[in-house]
Amino acid sequence: GMQLSFSTQKKIGVVYGFLVILLVVALGVRFWQGGNLKNSNTTSNITSSKKIEKKASWTGKISLVASATSYKVGDNIDLTVVFEAKGKKLDGADLVLLYNPKVLSAMGFSEGKSFNLFPRKDIDNTQGMVKVTALDSTSTAQFGAGKDSIGVIHMQAKSVGTTQVNFDFSAGGTNKTTLIEQGTSQNILGVAEGVTIRVTP
């Protein structure tokens, strides 16, 4: 009886040893390939697919809609802040807008109907910056595919020139322009489109 169990143990040992060797070889090949391919496509594919995965939650969009294509000095300019957040519920939004204060002057901000509270409405015409915070979504339902307005920025054409009004924005960042998703408190904003303003004499 003793001999049998000994030889079975021996067999098991051999098989086990063989498996370990196979595993080491397989891993070795994997590492070796990994090392070799560091500068080729596989790693860049991995990183780009990761980026796409992350971006999948950045479905929100904010854009500016100007009341006209061109203005004369002294004209009032209304820029409607439009957002899309299909299938999402929002807690709030932060707007940080940058403009050229030599060409445009910000006069004020009118609240849209999508949010209840606007604790921050800052205008800085020396820096060329408007900051608005909107909180407490008026809708308890998810937003549809349409466009909703956060509000309207009222500006005045100050001098002749072509200039842009842009959102200060970085995807995923929470300190600039944001659309904050309810529940996750994540910034789901993926696209922020500014507008070009032309002022003629």
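P101 - would you say it is of a type outside the set (D, E, K, R) and open to solvent by less than 30 Å² (accessible area, probe 1.4 Å)? It would help to see each step written out before you state the result.
Working: of a type outside the set (D, E, K, R): yes; open to solvent by less than 30 Å² (accessible area, probe 1.4 Å): yes.
Spelling it out, P101 is indeed of a type outside the set (D, E, K, R) and open to solvent by less than 30 Å² (accessible area, probe 1.4 Å).
Please count how many residues of segment 115-136 are among the β-branched types (V, I, T), in contact (Cβ under 8 Å) with a residue 24 or more places away in the chain and not in a loop (DSSP other than H, G, I, E, B).
Going residue by residue through segment 115-136, those that are among the β-branched types (V, I, T) are 123, 126, 130, 132-133.
Those still in the list that are in contact (Cβ under 8 Å) with a residue 24 or more places away in the chain too: 126, 130, 132-133.
Applying the additional criterion that residues be not in a loop (DSSP other than H, G, I, E, B) yields 130, 132-133.
Residues flagged as among the β-branched types (V, I, T), in contact (Cβ under 8 Å) with a residue 24 or more places away in the chain and not in a loop (DSSP other than H, G, I, E, B) within segment 115-136 amount to 3.
Which of the residues belonging to segment 159-183 are more than 23 Å from N100 (Cβ to Cβ) and either basic (K, R) or touching an Asp or Glu at 6+ places or on another chain (Cβ under 9 Å) (or both)?
T174, T178, L179, I180, E181, Q182, G183
Take segment 161-201 and flag every residue that is touching a strand residue (DSSP E or B) at 6+ places or on another chain (Cβ under 6 Å), of a type in the set (S, T, Y) and surrounded by fewer than 17 Cβ atoms within 10 Å (Cβ to Cβ).
T162, T174, T196, T200
Check off (1) open to solvent by 40 Å² or more (accessible area, probe 1.4 Å); (2) in contact (Cβ under 8 Å) with a residue 40 or more places away in the chain; (3) in contact with a Gly (Cβ under 8 Å, 6 or more places away or on another chain) for A141 and give me the number that stays unchecked.
With respect to (1) open to solvent by 40 Å² or more (accessible area, probe 1.4 Å); (2) in contact (Cβ under 8 Å) with a residue 40 or more places away in the chain; (3) in contact with a Gly (Cβ under 8 Å, 6 or more places away or on another chain), A141 is out only on (3).
Being more than 17 Å from S63 (Cα to Cα) and open to solvent by less than 50 Å² (accessible area, probe 1.4 Å) is the filter here, so list the residues in segment 75-98 that pass it. Before the answer, list the steps.
Initial filter on segment 75-98 (more than 17 Å from S63 (Cα to Cα)): 75-76, 87-89, 91.
If the condition is that a residue be more than 17 Å from S63 (Cα to Cα) and open to solvent by less than 50 Å² (accessible area, probe 1.4 Å), then G87, K88 are the ones that fit.
The values are calculated or read from the model by the stated rules, or taken from the named source; none is laboratory data. Here the structure is a predicted model, which means the values were calculated and not measured. Counting neighbours? That spans all protein chains shown, and the Cβs are built from the backbone with ideal geometry, glycine included. Ligands, DNA and RNA are stripped out before the accessible areas are found, and what is left, the full protein with its side chains, is counted by its heavy atoms. Shrake-Rupley method; radii C 1.70, N 1.55, O 1.52, S 1.80 Å.
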